[in-house]
Structure formats: C-alpha cells, structure tokens
1. Residues in the range 179-195: is at least one aliphatic (A, V, I, L, M) and part of a loop (DSSP other than H, G, I, E, B)?
2. When the residues of the range 20-33 are narrowed to those that are open to solvent by less than 30 Å² (accessible area, probe 1.4 Å) and within 16 Å of ligand 2 (Cβ to nearest atom), which ends up farthest from residue 50 (Cα to Cα)?
3. Just give me the residues in the range 139-163 being out of contact with any Ser or Thr (no Cβ under 8 Å at 6 or more places or on another chain) and either basic (Lys, Arg) or open to solvent by 70 Å² or more (accessible area, probe 1.4 Å) (or both), in sequence order.
4. Return yes or no: is residue 52 among the hydrophobic types (A, V, I, L, M, F, W, C), in contact (Cβ under 8 Å) with a residue 60 or more places away in the chain and either more than 15 Å from ligand 2 (Cβ to nearest atom) or open to solvent by less than 80 Å² (accessible area, probe 1.4 Å) (or both)?
5. Within the group 279, 323, 292, which residue is away from ligand 1 (no atom under 16 Å from the Cβ), open to solvent by less than 10 Å² (accessible area, probe 1.4 Å) and assigned by TED's automatic domain parsing to the domain that holds residue 169?
6. Anything in the range 102-146 that is more than 23 Å from residue 74 (Cα to Cα) and without any contact (Cβ under 8 Å) to a residue 60 or more places away in the chain? List them, or say none.
7. Being within 16 Å of ligand 1 (Cβ to nearest atom) and more than 18 Å from residue 92 (Cα to Cα) is the filter here, so list the residues in the range 26-53 that pass it.
8. With the condition kept exactly as written, say whether any residue in the range 37-44 is in contact (Cβ under 8 Å) with a residue 12 or more places away in the chain, open to solvent by less than 40 Å² (accessible area, probe 1.4 Å) and touching a strand residue (DSSP E or B) at 6+ places or on another chain (Cβ under 7 Å).
Amino acid sequence: MNKEKLINIAKNFKIEGDPIKIEKCDSGHINKTYAITYKTKEGCKKYILQYVNTNVFPNLSDLMRNIKNITEYMVNKAKENGESTDRLTIRMIDTIDENPHSIYNKNWRMEEFIDNTKTYLTTEDLNILTEAGRAAGRFQKHLNGFPAEELCEIIPKFHYTPNRVKQLKEALSSKENLEKREDRFKLAKDVIEFVTDEKRLNKTNIITNKLENKEIPLRVTHNDTKLSNILFDKDTDKAVCLIDLDTVMPGALAYDFGEGLRTGITTAKEDEQDLSKIFADINRFEAYTKGFLSELKNTITEEELKTLPLGVWMMTYENSIRFLADYLNGDTYFAVDENIENHNLIRAKAQLELLRQMEEKEEDMKGVIKKYGF
Ligand code: GN1
Ligand code: MG
C-alpha cells in the first residue's frame, strides 16, 4: 500500500502532530505492520499502525476488548501496588470517530510505540534470554488473579494440540489436497511419518487433559511469547514487556514457557534450511528458565512446574504440524516468501529437527526445572 494512503488512514486516529515517516515492519506472519513517526510539539513520536488480518481474527472487536481488559487490569494492579506503570504494557490509540474498540474501517488500529525499546529475532546472549524468560514470567505474575474464563477465546482451541492434530489429519486425508498437491505429499513424506508416530501423538493431550481435570489452573496466557514479541530496553537490554497481545486467551502456563523456548532454545531461524545449524542448547534453556521462574515464586503450582518441559515439546510439535498442514492445504494461513520454495515445509522440518533434539534432552530439561523450581 502506498504511503499517501497509509497517511490518510493514520489521520483517523487521535494523535496530535503530523505523520512524517512510514516504514513497513517485516516481522509477523499474519498482520501487516507499519512504524509511523509523527512530528509533535514535544518532538518526534513513533506509533505502530496495523492492518489486522480478519480471516485469522474475524472477531476483532472481542480481540480488542480482551486487550483492553487485560491491560487495564495490569495497570490498575501496578497502581494499587504503588509500582510504575511506565512501559508496563501496550496502549491502543482511540479513533477520531471514537469507535468503541479503537478500530478504524474494519481492520485498522494504532498503538503507541513504547519508547527506547528494540526487539530481537534471535540472540546469542544468554542474559537476553534470561530477560526474555523474565518478561514472560512477569506477564503471568501481573495477570495472576484475572478471571481467565471471562476472556473471549479469540481463535477457538488455539493451543489445544489434539485439535491441531485433527486439522493435520484433515489436511492429510483431503482428496482435494491430494489431487492438487500430490508433489507436496511426496516431498513431505518423512515429515508426515515423523509427526504421526503413535508415541508422539500420544503425548499431545497430556496438558489439555490436566487443564480439563483441573490439575493445573486455567490462566490468562499470551500464547505467542516468541522472542520477537518481547521489547527490550535499547540501552540496558532489560526486558520491558510483551507485545502482540492478539492471541491472549485462557490457557496453560506451559504454553507461554513453551512458545518462548521454542524460539529461545536455538539461534537458528524458524525457517533455517540447513539443519546442521539447528541446535537445541540446554544452556539457553537454562538461561530462559532462570528468568521465567524468578518471577513466579508465589504463583506457579507444583503440578504446573512439572508440565514445563512438555510445554516446550508441545509448542514445537504444534507449530511444526501447523506449518505442515498449511503446506498441504496450499499455504492459505501463514504468509510465505515467494522466493523460498516450499517455505512452510522448510519451517516444519526446522521445527522437527528441534523437536528431535528436545526429545534427546528431556531429562536435562527436567533437571533444569528442578534446579530453579520451588
Ligand atoms: C504466527 O504472526 P505471528 O508471527 O505473530 C502465529 C503463531 C505462530 C507463529 C509462528 C495467530 O504468529 O501462533 O506460532 O506465527 N499466530 C497466529 O512464527 O496463528
Ligand atoms: Mg502473533
């Protein structure tokens, strides 16, 4: 979309000043994101303008209500405790026509850019991983006590892994897929065998069963705690807060821990093609765990602690089968790079390489949880 059109869209939000610069941000597989700078009386100020993909998020009003409710809760709690609310969480900007959900023209929203922050796609610095874990743990701590069941389930059964398995099986048995994309089935043969192995399928309902049986509490979970969704202070590299609250829903604590480490345990990119570059590093696991658990001393239950290594396995398995299913369905969900052939299959394979190594290191992971658990 050209800059002029974007500026015209931006004018529908209550911001004092003039937009002077717009840049496209490349991260994210779902929404389109732009950074936009305004010239104001106090100097330049940055905002984030987003076109939300309503195929993935059809109930955008409910989504925005979830965000409003949890961010207000965090702010109020901090105030009550006499803590600073500065850079605590994201803040949406109202539209000029005062849309109740701060949405302009069905898909557009604007949020404040949190000052003096940066993000990482990956890092080699263990201190940053500890900070990433701390950010995810702190999010849980701040929302402990929020009635999770009152949140709208924005994408039904989002991390309900048995349902992801069901969707994969549908993709595998679809006649249309087989007719249109026989070549893809052939290329994915080994991957399909790996993920449909009985011993793996049997692990996919353990956490969801524990939730159903109330062995672990239903929590407010972020569900997309990957490294690139965490803001860090530009000068100190301390974690500031989690962003991308679109998938905040009721869930299990292990989902957030797991999703953080799916991307945190390795320096490899999510779509690394050279599998020899993918290494699930237990030191990275330890660094993240240390930060995560340091925030949750009085929050996490003993049973939840036990689910953490499995959460990492689950999130990695789940992303892999989602990429695979999308590949067989013809790339309809995740945005793919046209210059990378079989992009979703590459992503699935990279996740599976990680999963294979995690399976080998299960005992080491449990050892780390014991070391930092309470
Ligand atoms: C999607 O768009 P993004 O990058 O925030 C996806 C996550 C996946 C992730 C894989 C709503 O997140 O669940 O883990 O891609 N979000 C949705 O990188 O499906
Ligand atoms: Mg997201």
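1. Going residue by residue through the range 179-195, those that are aliphatic (A, V, I, L, M) are 187-188, 191-192, 195.
Now narrow it down to the ones that are part of a loop (DSSP other than H, G, I, E, B): 188.
Yes, some residue in the range 179-195 is aliphatic (A, V, I, L, M) and part of a loop (DSSP other than H, G, I, E, B).
2. Only one residue fits best here, namely 31.
3. 149, 150, 153, 156, 157, listed by residue number.
4. Details: among the hydrophobic types (A, V, I, L, M, F, W, C): yes; in contact (Cβ under 8 Å) with a residue 60 or more places away in the chain: yes; either more than 15 Å from ligand 2 (Cβ to nearest atom) or open to solvent by less than 80 Å² (accessible area, probe 1.4 Å) (or both): yes.
Taking the combined requirement at face value, the residue satisfies it.
5. On the way: 279 fails: open to solvent by less than 10 Å² (accessible area, probe 1.4 Å); 323 fails: away from ligand 1 (no atom under 16 Å from the Cβ).
292 is the lone residue from the list that is away from ligand 1 (no atom under 16 Å from the Cβ), open to solvent by less than 10 Å² (accessible area, probe 1.4 Å) and assigned by TED's automatic domain parsing to the domain that holds residue 169.
6. First, the residues of the range 102-146 that are more than 23 Å from residue 74 (Cα to Cα): 104-108, 120-129.
Once the filter is applied, which keeps residues that are more than 23 Å from residue 74 (Cα to Cα) and without any contact (Cβ under 8 Å) to a residue 60 or more places away in the chain, the range 102-146 yields 106, 107.
7. Those that are within 16 Å of ligand 1 (Cβ to nearest atom) and more than 18 Å from residue 92 (Cα to Cα): 26, 27, 28, 29, 30.
8. Residues of the range 37-44 that are in contact (Cβ under 8 Å) with a residue 12 or more places away in the chain, as a first pass: 37-41, 44.
Among the residues that remain, those that are also open to solvent by less than 40 Å² (accessible area, probe 1.4 Å) are: 37-38, 40.
From what's left, touching a strand residue (DSSP E or B) at 6+ places or on another chain (Cβ under 7 Å): 37-38.
Yes: the range 37-44 contains one or more residues that are in contact (Cβ under 8 Å) with a residue 12 or more places away in the chain, open to solvent by less than 40 Å² (accessible area, probe 1.4 Å) and touching a strand residue (DSSP E or B) at 6+ places or on another chain (Cβ under 7 Å).
The values are calculated or read from the model by the stated rules, or taken from the named source; none is laboratory data. Please read all numbers here as calculations on a predicted model, not as lab measurements. Please note: Cβ atoms are built from the backbone with ideal geometry, for glycine as well, and neighbour counts cover all protein chains shown. Note: areas computed on protein heavy atoms with side chains; ligands, DNA, RNA excluded. Shrake-Rupley method; radii C 1.70, N 1.55, O 1.52, S 1.80 Å.
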